[in-house]
Amino acid sequence: DCIKVFAPATVANVACGFDVIGLAMDAPGDEMIMRRSDKPGVTITAVHGAALSTDPAQNVCGVAIQALLQKYGQPEAGIELELFKNIPPGSGIGSSAASSAGAVVGANHLLGNPFTQKQLVRFAMEGERLASGAAHADNVAPAIMGGFTLVRSYKPLDITGLHTPADLWVTVIHPQIEVKTSDAREILKQKVLMTDAIRQWGNVGALVAGLYQENYDLISRSLEDAIVEPVRAILIPAFYELKVKCKEAGALGGGISGSGPSVFMLSRGEETARKVAAMMDTVYAPLGVDYKIHVSQI
Ligand code: HSE
């Protein structure tokens with residue numbers, strides 16, 4: 001009567017697509033054991049691997065499931081969960097999103113699947129609102145739907161899955177420092193220059209075209225961010241060196257993963273993705289910062 005849920009790490013923004021494009025990795029991911037409960041509402045029995053609250057109102061899993069239960073409309077319904085955090089909070093690979101997404105996918109399953117994927121994304125976004133102050137969907141959508149996703153509009157919510165080329169891999173380095181998404185959002189400028197905007201929407205359109213055409217050169221040229229990266233780069237040790245060296249090692253390109261401090265690089269094929277991982281290691285080893293590197297097919 002209990003289920004185990006795996007919810008993957010995700011890379012939001014993917015360079016040019018701030019708040020609209022995201023992709024799902026194979027691993028790492030958060031895990032949770034969930035079951036129906038006689039106690040109405042959400043009960044979080046324990047959180048392992050991170051110092052997070054078990055109070056459902058202060059935990060993204062609790063808030064996301066609560067949003068789902070409210071829509072479900074049966075006041076006696078109860079969900080219990082135990083959370084295993086494998087993605088550290090503040091890592092830039094969708095830690096809060098994985099927990100929110102896994103929680104609503106699991107709750108939906110336990111209730112007999114009354115909701116659509118799109119509704120689940122909406123509930124999981126409430127977890128993101130608690131975590132970062134903004135109900136962005138570019139991590140929860142790929143965590144729930146898999147592959148690449150695009151948020152065309154937030155009001156009304158309009159999300160679509162995108163094609164993922166067969167041989168596209170992602171390498172992520174996660175420096176073990178915490179960057180709060182809320183802080184990384186606060187430093188952003190609220191206005192953009194027309195010239196930067198033109199560059200950015202050219203890249204977003206071309207990235208989507210590149211994914212559908214499986215055109216790795218076009219994908220490579222599109223991985224550019226004229227708006228957010230220049231402001232956030234200061235949060236990440238050796239960011240520009242990492243970018244240059246990883247491209248020398250064969251990466252198509254990359255940028256800050258979500259709001260950082262993780263940095264992602266896309267590659268064609270596993271062999272290149274692993275060379276990029278080795279290059280990340282070379283750049284980071286002398287810095288005296290702890291880090292983890294993940295290689296995953298998309
Ligand atoms: N799009 C969000 C941001 C993702 O960059 O702030 C946070 O993981």
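The values are calculated or read from the model by the stated rules, or taken from the named source; none is laboratory data. All values derive from a computational prediction rather than experimental measurement. In this analysis, Cβ positions are derived from the backbone assuming ideal geometry, glycine residues included, and neighbour counts consider all displayed protein chains.
Take Val192 and tell me if it is of a type in the set (Val, Ile, Thr), buried (at least 20 other Cβ atoms within 10 Å of the Cβ) and within 24 Å of Gly253 (Cα to Cα). Quick ask: steps written out before the conclusion?
Details: of a type in the set (Val, Ile, Thr): yes; buried (at least 20 other Cβ atoms within 10 Å of the Cβ): no; within 24 Å of Gly253 (Cα to Cα): yes.
In short, no.
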Across the range 1-30, the tally of residues that are more than 24 Å from Ala273 (Cβ to Cβ), among the charged types (D, E, K, R) and away from the ligand (no atom under 16 Å from the Cβ) stands at 2
Residue that is nearest to the chain's Cα centre (by Cα) [pool: residues in the range 165-182 that are under 20 Å from Ala238 (Cα atoms) and within 11 Å of the ligand (Cβ to nearest atom)]
Thr181
Sort out which residues of the range 177-197 are among the acidic types (Asp, Glu) and part of a helix (DSSP H, G or I), and write them in order of number.
Asp183, Glu186, Asp196
Test: residue in the range 233-247 that is closer than 20 Å to Thr149 by Cα and surrounded by fewer than 17 Cβ atoms within 10 Å (Cβ to Cβ)
no
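Which residue is farthest from the ligand (Cβ to nearest atom), if the candidates are limited to the range 215-248 and must be aliphatic (A, V, I, L, M), in a helix (DSSP H, G or I) and touching a residue at least 40 places away in the same chain (Cβ under 8 Å)? Spell out how you get there, then give the answer.
Step one: filter the range 215-248 for residues aliphatic (A, V, I, L, M), giving 218-219, 223, 226-228, 231, 233-236, 238, 242, 244.
If we keep only those that are in a helix (DSSP H, G or I) as well, we get 218-219, 231, 233-235, 242, 244.
With touching a residue at least 40 places away in the same chain (Cβ under 8 Å) added as a condition, the list becomes 219, 231, 235, 242.
Numbers: Ile219: 20, Val231: 11, Leu235: 11, Leu242: 18 Å.
The residue in question is Ile219.
Quick test for you: out of Arg152, Arg185, pick the one residue that is surrounded by 16 or more Cβ atoms within 10 Å (Cβ to Cβ), of a type outside the set (S, T, N, Q) and within 16 Å of the ligand (Cβ to nearest atom). Explain how you work it out, then say what you get.
On the way: Arg152 fails: surrounded by 16 or more Cβ atoms within 10 Å (Cβ to Cβ).
Criteria check complete, one pass: Arg185.
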Of those in the range 132-149 that are in contact (Cβ under 8 Å) with a residue 24 or more places away in the chain and surrounded by fewer than 21 Cβ atoms within 10 Å (Cβ to Cβ), the residue farthest from Ala12 (Cα to Cα) is Gly133
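Residues are listed down the side, and each one gets a yes or a no for (1) within 16 Å of the ligand (Cβ to nearest atom); (2) in contact (Cβ under 8 Å) with a residue 60 or more places away in the chain; (3) under 18 Å from Arg36 (Cα atoms); (4) outside any helix (DSSP H, G or I):
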site	(1), (2), (3), (4)
Asp55	no, no, yes, yes
Lys71	no, no, yes, no
Gln74	no, no, yes, yes
Ser91	yes, yes, no, yes
Ala97	yes, yes, no, no
Asn108	no, no, yes, no
Could you check His136 against (1) within 13 Å of the ligand (Cβ to nearest atom); (2) at pLDDT 95 or above and say which number it fails?
(2)
Taking only pairs six or more apart or across chains, which ones have beta-carbon atoms under 6 Å, a first residue in the range 18-46 that is under 21 Å from Ala135 (Cβ atoms) and in contact (Cβ under 8 Å) with a residue 60 or more places away in the chain, and a second residue that is basic (Lys, Arg) and part of a loop (DSSP other than H, G, I, E, B)?
Asp30/Lys85
In the range 198-213, is there at least one residue being more than 18 Å from Asp26 (Cα to Cα), of a type in the set (Ser, Thr, Tyr) and part of a loop (DSSP other than H, G, I, E, B)?
no
